Amino acid sequence: MSFAAEPKNLHWEGAADRQPRSFLIVTLTNTAKDAGGLFGIRRSPSFADSLPDAHVLEGRVETGPLGGNSVRLRAPGAEIPDLREGDRAALGMVSDLACICVLRIPAGMAEERLPNWLAQQRCG
Amino acid sequence: MADIVIDFHKGPPKIGLIVRGKQGPDHHPDKLAQHADTILGDGSPEGFFGEGNDGSLNALGLGMQGVVYDYALLRLHRAWYVDKASAVTNRVVSTVLLIDVDQPTADKFKDAWDKMTTSPGDFNIVGGNCATHASAAFIAAGVVSKTIPWMDTPDNLYQQLVDNLPAGRVVSYTGYIGFKTNPSGGYDMEITPYVASPAVAAPNPGSSGSLSTAGGSGNSSSS
C-alpha cells in the first residue's frame with residue numbers, strides 16, 4: 001500500500017514591488033474556499049495567516065525541481081483568477097515557498113509559447 | 001467622494017486606531033471579523049498578530065507567538081491593510097480614529113510599540129489579542145487610563161476612545177486605507193471613503209463573522 005505525499009505548502013505574500021523570480025506551472029487538482037478551522041476561528045484577521053476570502057489551490061507541478069510533486073497554496077480570493085480542477089496555473093514565486101501571484105494559463109497554449117507568455121506577465 | 005490624504009507632519013501630532021472590518025462609526029463587526037492596528041505619530045501603521053498553527057491550542061488562538069507587523073511586514077503579509085488598491089481589490093474596509101495628542105504622548109505611544117516589537121510575548125484570542133496590545137499602548141501613552149471595558153475587541157477599544165476623549169480631539173474616517181511614504185519621513189495615510197450601498201459589493205468580512213463574502217448584495221464568491 002502506498003500513500004500520496006502531503007502537498008508542499010506554499011504561502012502567499014504581497015508583491016511589495018517585486019516581480020516573480022520564477023513560476024511554478026501546476027495542473028490544478030482541487031480549488032476550494034478555505035474552511036477556516038474549527039468554528040471558523042482561524043478566519044480571525046488577527047491571526048497572521050488569515051486572508052480575506054481565503055481560497056485553497058492544490059495542484060501537481062509539471063516541471064522543474066518540484067516536478068511531479070503536489071503543492072498547496074492559500075491565497076486571497078480576490079487575487080485568484082477563475083480556476084477549476086484541471087486548469088493550468090502559473091504561480092509567481094519570489095522564493096521557494098512564497099507566491100505573489102496566480103495566473104491562469106490560457107487553455108490550449110502551446111508549450112513553446114509558454115515562456116514568452118510568462119515573460120510578458122506582471123504581478124502586483 | 002474624493003480620496004482623503006492625511007499628512008502626519010501637518011497640524012498637531014496625531015496617533016490613531018484602525019479597526020479593520022468596521023464599516024462606519026456605528027457599525028459593530030462580528031467578533032471574529034475585526035482587527036486592531038494603530039498609527040504612530042509619523043503615520044507608521046503598527047499591529048499585533050498571532051502566529052502558529054501546529055495543531056495545539058494555538059489552532060484555537062491560544063498561546064500563539066505574538067508578532068508586531070510594521071509597514072514593511074504589513075506590506076508582505078497584509079498588503080490590503082497598507083496598499084489602498086489592494087484594500088479595494090480585496091474589499092477590506094477599515095474605520096480609523098485619529099486622536100490629536102502632544103509630542104510627548106506620541107513619543108510614549110511609539111516607545112510602547114517599540115517595546116512590543118522587541119518582546120511581543122504571546123498572542124491569545126481573549127485577553128492578549130490585537131486590541132489588548134493596542135490598548136496597552138494607548139494606556140502607556142496616557143491617552144486612556146483603563147483597559148477596554150467588557151470584552152477586549154477592537155470595536156470596544158474604538159468606543160472607549162470615543163467615549164472618553166473630547167470630541168474636538170478625535171476624527172473618524174471609514175474607507176479603503178493605504179499608506180505612502182512621506183518625503184519628510186514616516187507615511188501619509190490615504191483613504192478612499194466607503195459608503196454602503198446596494199450598488200457596492202459588500203466588504204470583506206461578511207456578516208457571518210468570518211472573512212468570507214457571505215451576506216450583502218453584489219458579492220462575488222467563488223465558493
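The values are calculated or read from the model by the stated rules, or taken from the named source; none is laboratory data. Worth saying up front: this structure is predicted, and the values here are computed from it rather than measured. Cβ placement follows ideal geometry from the backbone for every residue including glycine, while neighbour counts extend to all protein chains displayed.
Observations
- Residue in segment B:91-114 that is closer than 14 Å to A:Ala48 by Cβ and more than 10 Å from every other protein chain (Cβ to nearest Cβ) present: no
- Exclusive hit being modelled with pLDDT of 95 or more, within 8 Å of another protein chain (Cβ to nearest Cβ) and under 13 Å from B:Tyr187 (Cα atoms), set B:Asp7, B:Asp42, B:Asp83, B:Asp70: B:Asp83
- For first residues located in segment B:98-123 and among the small types (Gly, Ala, Ser), partners that are surrounded by 14 or more Cβ atoms within 10 Å (Cβ to Cβ) and not in a helix (DSSP H, G or I) and lie 6+ apart or on another chain with Cβ distances below 6 Å form the pairs B:Ala106/B:Pro13; B:Ala106/B:Ile15; B:Ala106/B:Gly41; B:Gly121/B:Gly66.
- Of all residues in segment A:85-103 being closer than 17 Å to A:Thr29 by Cβ and more than 10 Å from the chain's Cα centre (by Cα), the one that is surrounded by the fewest Cβ atoms within 10 Å (Cβ to Cβ): A:Gly86
- Positions within segment A:44-59 being within 11 Å of chain B (Cβ to nearest Cβ), among the small types (Gly, Ala, Ser) and not in a loop (DSSP other than H, G, I, E, B), in sequence order: A:Ala54
- Filter result for the condition that a residue is assigned to a strand (DSSP E or B), under 13 Å from the mean Cα position of the chain (by Cα) and more than 24 Å from A:Ser95 (Cα to Cα), over B:Val68, B:Val96: B:Val96
- Residue in segment B:196-208 that is at pLDDT below 95, farther than 23 Å from B:Val5 by Cβ, hydroxyl-bearing (Ser, Thr, Tyr) and surrounded by 13 or more Cβ atoms within 10 Å (Cβ to Cβ) present: yes
- Taking the conditions (1) out of contact with any strand residue (DSSP E or B) (no Cβ under 7 Å at 6 or more places or on another chain); (2) surrounded by 13 or more Cβ atoms within 10 Å (Cβ to Cβ) in turn, A:Glu58 satisfies each one other than (1).
- Options B:Asn58, B:Asn53; residue that is farther than 18 Å from B:Met189 by Cβ, facing chain A (nearest Cβ under 9 Å) and modelled with pLDDT under 95: B:Asn53
- Criterion (of a type outside the set (Ser, Thr, Tyr) and closer than 30 Å to B:Gln65 by Cβ) met by exactly one of A:Pro76, A:Pro106, A:Pro115, A:Pro81: A:Pro76
- In segment B:147-161 there is at least one residue that is in a helix (DSSP H, G or I), out of contact with any Pro (no Cβ under 7 Å at 6 or more places or on another chain) and either surrounded by fewer than 20 Cβ atoms within 10 Å (Cβ to Cβ) or among the small types (Gly, Ala, Ser) (or both).
- For segment A:30-37, the count of residues that are in contact (Cβ under 8 Å) with a residue 24 or more places away in the chain and more than 11 Å from chain B (Cβ to nearest Cβ) is at least one.
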